[in-house]
Amino acid sequence: MKALLCGYYGQGNAGDEALLVSLLQMLPPEVKPIVLSANPAETRKLYDVASCPRKSSFAVWKALKQSDCFIWGGGSLMQDATSFASPIYYGGLMALAQQQGLKTIAWAQGIGPLNRSFTKWLTSNVLLGCDAVSVRDEASAKLVRDWQMEPLVAPDPVWALTSKSIPSDVIKSDAPKVAVNLRSHPELTPQRLELLSKALQSFQEQTNTFILLVPFQAAKDLAIAKKLHQDLPETSQIISLQDPRELKGLFQHVSMTIGMRLHSLIMAAAEQSACFALSYDPKVSQLMMEYEFPGWEMAEIPNSVEIITNVWIEHFNKANFLKIDSIKTIKSQALTHQKLLSEFL
């Protein structure tokens, strides 16, 4: 069986690449994947899979004709908060696959926000045409249930992604490590970024920690990481890892993680790093609520370096990470997405 995998792949976003690797890890061995990618050559090289350009109509049509199954491969594909074009693209491909008679699966989806009536209509219609639907959070499940469907609900597959040890010489310090992941966003204003940078400097001085600046998508994270490194030139390091399994393995060495991106927090929590969230998106807020991660919505970050520093120090000293038994349970639940694939493929 050939399965066409569709997601935000080949875009240099570590979270979406981690979802792809999780999906490849969970596919039944008799299924041969073809990955739609913005960078097919790199996807082929990194994961040893067939790949074709996601924006080439001819290549996508040819891949559909060669495939038996079409899978939305995880993440927030059907949402119109950041782009109206995104749900049109993914929904259109799903509808085309269904029209061609392929088995279709919406896998590990984070549905919404959907603010426009058309995108709601499109999403509900293509989901109704799917052979199987799984979602990664209760907010998505509620939305799908409102459309008279009962999805499988399980934690994000990246919880169950197999981590890989990083080379011993990657981290340049023996001090306790704190990872920081910030991304560009309208709510991360220059004033807020400066506030967080000063608080990070104060936190580092008082805890004698070493700061690992971990960009998950160079286009949106790297400039911020460079700015923070300039402010902490001797006590920080920028770490960019291409393999999502190694990126997850990095957090095995991290005592505490301050993260904006969803998958920075999931990877960190899965490796027993104490998480502190800065939420820019409902999916991050949902994660905070579900696993009781401390943190702030971006608009609620205190306007005081001292308050931010003290809150971070308190969290660092508490070492309030998920316990091994809890992580095992979450990983086991996340593997339900694998059972769905085995059942329907």
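Some observations on this one:
- Look at the stretch 152-177: where a residue is within 30 Å of Phe344 (Cα to Cα) and a partner is part of a loop (DSSP other than H, G, I, E, B), sitting 6+ places away or on another chain with Cβ atoms under 7 Å, you get Ala154/Arg136; Pro155/Arg136; Asp156/Arg136; Ala160/Leu335; Ser163/Glu271; Lys164/Asp243.
- Extreme residue, nearest to the chain's Cα centre (by Cα), among residues of the stretch 314-334 that are exposed (fewer than 15 other Cβ atoms within 10 Å of the Cβ) and among the aliphatic types (A, V, I, L, M): Ile324
- Residue pairs whose Cβ atoms lie under 6 Å apart, sitting 6 or more positions apart in sequence or on different chains, and linking a residue in the stretch 36-48 that is outside the structural domain of Ala97 (by TED's automatic domain parsing) and in contact (Cβ under 8 Å) with a residue 40 or more places away in the chain to a partner that is in a helix (DSSP H, G or I) and aromatic (Phe, Trp, Tyr), do not occur here.
- Any chance Arg183 is in the same structural domain as Val305 (by TED's automatic domain parsing), closer than 24 Å to Tyr280 by Cα, touching a residue at least 60 places away in the same chain (Cβ under 8 Å) and in contact with an Asp or Glu (Cβ under 6 Å, 6 or more places away or on another chain): yes
- Counting only residues that are under 17 Å from the mean Cα position of the chain (by Cα) and among the hydrophobic types (A, V, I, L, M, F, W, C), the stretch 223-247 holds 2 of them.
- Matching residues, the stretch 113-129, being buried (at least 23 other Cβ atoms within 10 Å of the Cβ) and either assigned to a loop (DSSP other than H, G, I, E, B) or not hydroxyl-bearing (Ser, Thr, Tyr) (or both): Val126, Leu127
- Neighbours by Cβ (under 8 Å, 6+ apart or cross-chain): first from the stretch 79-107, more than 22 Å from Leu19 (Cα to Cα) and exposed (fewer than 15 other Cβ atoms within 10 Å of the Cβ); second of a type in the set (A, V, I, L, M, F, W, C) and modelled with pLDDT of 95 or more: Gln100/Leu64
- Residue satisfying all of: in the stretch 150-181; in contact with a strand residue (DSSP E or B) (Cβ under 6 Å, 6 or more places away or on another chain) and in a loop (DSSP other than H, G, I, E, B); surrounded by the fewest Cβ atoms within 10 Å (Cβ to Cβ) among these: Lys172
- Screening the stretch 186-220 for residues that are among the hydroxyl-bearing types (Ser, Thr, Tyr) and in contact (Cβ under 8 Å) with a residue 40 or more places away in the chain and picking the one that is farthest from Ala268 (Cα to Cα) gives Ser202.
- Unique residue being modelled with pLDDT of 95 or more, under 20 Å from Leu19 (Cβ atoms) and either not basic (Lys, Arg) or not in a helix (DSSP H, G or I) (or both) when the list is Ala223, Ala219: Ala219
- Extreme residue, surrounded by the most Cβ atoms within 10 Å (Cβ to Cβ), among residues of the stretch 23-54 that are under 24 Å from Ala154 (Cβ atoms) and out of contact with any helix residue (DSSP H, G or I) (no Cβ under 9 Å at 6 or more places or on another chain): Glu30
The values are calculated or read from the model by the stated rules, or taken from the named source; none is laboratory data. The structure presented is a predicted model; accordingly, all values stated were derived computationally and were not measured. All Cβ positions, even for glycine, are placed from backbone atoms using ideal geometry, and neighbour counts span all protein chains on display.
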